[in-house]
Amino acid sequence: MNSRLFNWCFKKSIWVYHANAGACNGCDIEILDVLTPYYDVERFGIRIVHTPRHADALLVTGPVTRQVRERLLRLYEAVPDPKLVIAVGSCATGGGIWYDSYATCGGVKNVLPVDIHIPGCPPKPEAIVYGVAQALGLVPKQVQAQAYIEE
Amino acid sequence: MNLQQISLDLFYTLIFPGLLFTAVVGLLLTWVDRKVTAVVQSRIGPPWYQPFADIGKLMGKKMVVPSGSSVGFLAAPLISIAGATLASVIVLRALINPQAGFVGDVIVLLYLTMLPALALIIGGGSSRSPFGAIGASREMSMVLAYEVGFLLTIFAVVIKTHSIQLSGIIAYQAEHGALALTVSGFLALCIALFCLQAKLGFLPFDISEADTELIGGPLAEYSGSGLALFKISRAMMFLQLPVFAVLLFMGANQLTLLSMAGFLLKLLAVLVLIIVIKITHARLRLDQMLRLFWGRLAIVGLIAVVFALVGW
């Protein structure tokens, strides 16, 4: 398959599987908001699917509890390549208030290779749409990744 | 059977009324379906190239084959698309050139339009997924239910027109007027519309797929090109079954501009009816669906057959 054609198709048609990895349901409600007629993500070709086999992107919420870690890894393996991982909410980006808890892995990035983080507790629906659009390269990135170096 | 004949047949099957043409038009029709749904739900809806982007993406993705699944898992998408292609060739060639058919093509069509459903049963059953197995068993019950209604409508049409050939049925309608205007024809058309809805797997009859309870049923384990082939064959059926219904019931067409516009209007009416029923109805339970098809619709179908025998 021509890779440029495929990349175009992939950007125009993202099917999302939503995985709750120990979230409090706040982010899940905001994700449901994105699917309502008010925000209508189907105009970007984004659809929620109900099986990981059909998915192109994993939308993970929650700090990844130790119980759910193995399941999340299996879920990731069940998604056919190429795939994206999108971490939604403060807990998923860095563990939130559970960042040093013994019961969580402290964020999705410690378990799976994350493509984009969408912070917020919970993030606004606009922020989620914006984050997914950024992951696909539909809108330019506004901030650069920076690492803190101690003087 | 010389070389020219063979290449012409290949052209018919693979390009013009067959695989390529039907797939492209069918995918455009699925966009119409999604756009109408969006408008009814006061959304904007996807752009026109959305189904093509979906198919292109699925074709480029890796296909995961579950460990321990049998050959049927890989063969099922091919069976599905083969059935849809052959059925489309027969229906669309009968539309363009009624003399191209052969004796008994209506009966052949009955079997060919069943192939995509059979492929779903094979694929779901051999996917080693509980969702696939449940979906396959539900699909099997559904096939047994809606084929009764579909057979009865075909019986009514065949008895009425004394022909088992599409060209004969079209010629009868050119002489005596559209079948839908007779009592038996109208009853048969009503049942045929129910059967179309069930054959296309649309709400209220998407019992075997049931996204929210069976996560896609037989399609649950399919990914990549396998899923794409199933989607394409469904899009082809979405074009070809309504055309079949229009040909059977709604009168003959000449090769004039007015007649072709009339045909497109009839086709559009059938499509819009199917889509509106799909949007405005909730899913039936399996037992409700079986009761509907084996009970009320079968009785109405028998009445249509009796009327056709009487000659109404």
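What the Cβ-Cβ distance of B:GLN4 and B:VAL148 gives, at R0 = 41 Å and to the nearest 0.05, is a FRET efficiency of 0.45. Sorted on the mean count of surrounding Cβ atoms within 10 Å across their residues, most packed first, peptides B:301-311, B:83-93 read B:83-93, B:301-311. Using a 1.4 Å probe on the protein chains only, how many percent of the accessible area of chain B belongs to carbon and sulfur? Carbon with sulfur: 74 percent of the solvent-accessible area.
About its Cα centre, the range A:83-151 has a charge dipole of approximately 300 debye under the convention of +1 per Lys or Arg Cβ and -1 per Asp or Glu Cβ, with nothing else charged. Other residues whose C-beta falls under 10 angstrom from the C-beta of B:THR113 contribute a net charge of 0, scoring Lys and Arg +1 and Asp and Glu -1.
Counting only other chain Cβ atoms within 10 Å of each residue's Cβ, the peptide A:37-48 averages 4. Summarising the amide proton neighbourhood of A:VAL85: residues at separation of 5 or more, or on other chains, whose placed amide H is nearer than 5 Å comprise A:LEU58, A:ASP115, A:ILE116. Between the residues B:ILE15, B:ILE164, B:LEU196, the greatest Cα displacement towards the positive end of the dipole of the protein assembly as shown, with unit charges on the Cβ of Lys, Arg, Asp and Glu, is found for B:ILE164. Need one number: nm distance between label points at B:ASN97 and A:TYR130, each 7 Å from Cα along Cα→Cβ, rounded to one decimal. It is 6.0 nm. Dimensions of chain B from C-alpha coordinates, computed as largest minus smallest value along each principal axis and given longest first, are 57, 51, 43 Å. Charging the Cβ of each Asp and Glu at -1 and of each Lys and Arg at +1, and nothing else, the dipole of the range B:86-179 about its Cα centre rounds to 180 debye. Suppose we compare each residue of the range B:192-239 in its chain alone and in the full protein complex with a 1.4 Å probe; which ones drop by at least 50 Å² of accessible area? Those are B:ILE215, which lose 50 Å² or more relative to the chain on its own.
With a cut-off of 15 Å between beta carbons, the residues surrounding B:ALA87 carry a summed charge of +1, where Lys and Arg count +1 and Asp and Glu -1. What the phi angles of the range A:88-93 give under the Karplus curve with 6.51, -1.76 and 1.60, with θ = phi - 60°, is a coupling list of 10, x, 4, 4, 6, 6 Hz, glycine and proline written as x.
Subtracting the Cα-Cα distance of A:SER101 and A:ASP81 from their residue separation scaled by 0.36 nm leaves 4.0 nm. Normalised by the number of residues in chain B, the mean separation of alpha-carbon contacts (under 8 Å, six or more apart) gives a relative contact order of 26 percent.
Enclosing the Cα atoms of the protein assembly as shown in their convex hull gives a volume equal to 167 cubic angstrom per residue.
Using a ≥ b ≥ c from the Cα gyration tensor of the range B:33-136 (square roots of the eigenvalues), is it rounded, prolate or oblate, where a/c under 1.5 gives rounded and otherwise the larger of a/b and b/c decides, a/b for prolate? Verdict is oblate for the range B:33-136. A straight line joining the Cα centroids of the range A:1-69 and the range B:238-297 runs 34 Å. Other residues with beta-carbon under 15 Å from the beta-carbon of B:THR22 carry, at +1 per Lys or Arg and -1 per Asp or Glu, a net charge of +3. Largest accessible area first, the listed residues A:VAL111, B:VAL276 line up as B:VAL276, A:VAL111 when surface is computed with a 1.4 Å probe on the assembled protein chains. For the range B:59-73, heavy-atom accessible area (probe 1.4 Å) falls by no less than 10 Å² from the chain alone to the full protein assembly at B:MET59, B:GLY60, B:LYS61, B:LYS62, B:VAL64. The share of accessible area on the range A:12-151 that comes from carbon and sulfur is 54 percent, using a 1.4 angstrom probe. Looking at A:ALA127, A:TYR17, B:GLY301, which one has the Cα that reaches farthest to the positive end of the dipole of the protein assembly as shown (charges on Cβ: Lys, Arg +1; Asp, Glu -1)? About the Cα centre, the residue reaching furthest to the positive side is B:GLY301. Computed over chain B, the per-residue total of -39500 (n - 2.57) for DSSP H runs of n ≥ 4 gives a 222 nm mean residue ellipticity of -23500 deg cm²/dmol, rounded to 500. Backbone amide hydrogens, once placed in the peptide plane, bring A:ILE46 within less than 5 Å of A:ILE14, excluding anything fewer than 5 places away on its chain. Ordering A:HIS54, A:HIS117 by accessible surface, largest first, gives A:HIS117, A:HIS54; the 1.4 Å probe counts only protein heavy atoms, with every chain in place. Note on the range B:145-258: with charges restricted to the Cβ of Lys and Arg (+1) and Asp and Glu (-1), its dipole about the Cα centre is near 360 debye.
For the range B:1-118, what is the accessible area per residue in Å² when the probe is 1.4 Å?
48 Å²
Each peptide in B:265-273, B:193-201 receives the mean, over its residues, of other Cβ atoms within 10 Å, and ordering these scores from highest gives B:193-201, B:265-273. Scaled against 2.2 N^0.38 Å for its residue count N, the alpha carbon radius of gyration of the range A:1-49 is 1.42. Set the Förster distance to 22 Å, then compute FRET efficiency between B:VAL24 and A:ARG4 from the Cβ-Cβ distance, nearest 0.05. Between B:VAL24 and A:ARG4 the formula returns 0.55.
Could you give the accessible area per residue of chain A, probe 1.4 Å, as a whole number in Å²?
Working: 8360 Å² over 151 residues.
Averaged over the residues of chain A, the accessible area is 55 Å².
Using the charge dipole of chain A (Lys, Arg: +1 at Cβ; Asp, Glu: -1 at Cβ; taken about the Cα centre), state which of A:ALA57, A:ALA145, A:ALA87 has its Cα farthest towards the positive end. The listed residue farthest towards the positive side: A:ALA57.
When the accessible areas of A alone and B alone are added and the area of the pair subtracted, with a 1.4 Å probe, the result is around 2400 Å², both sides summed.
The values are calculated or read from the model by the stated rules, or taken from the named source; none is laboratory data. These figures come from a predicted structure and were not determined experimentally. Here the Cβ is made from the backbone with ideal geometry for all residues, glycine too, and neighbour counts use every protein chain on show. Side chains are part of the model used for accessible areas, which takes the heavy atoms of the whole protein and leaves out ligands, DNA and RNA. Shrake-Rupley method; radii C 1.70, N 1.55, O 1.52, S 1.80 Å.
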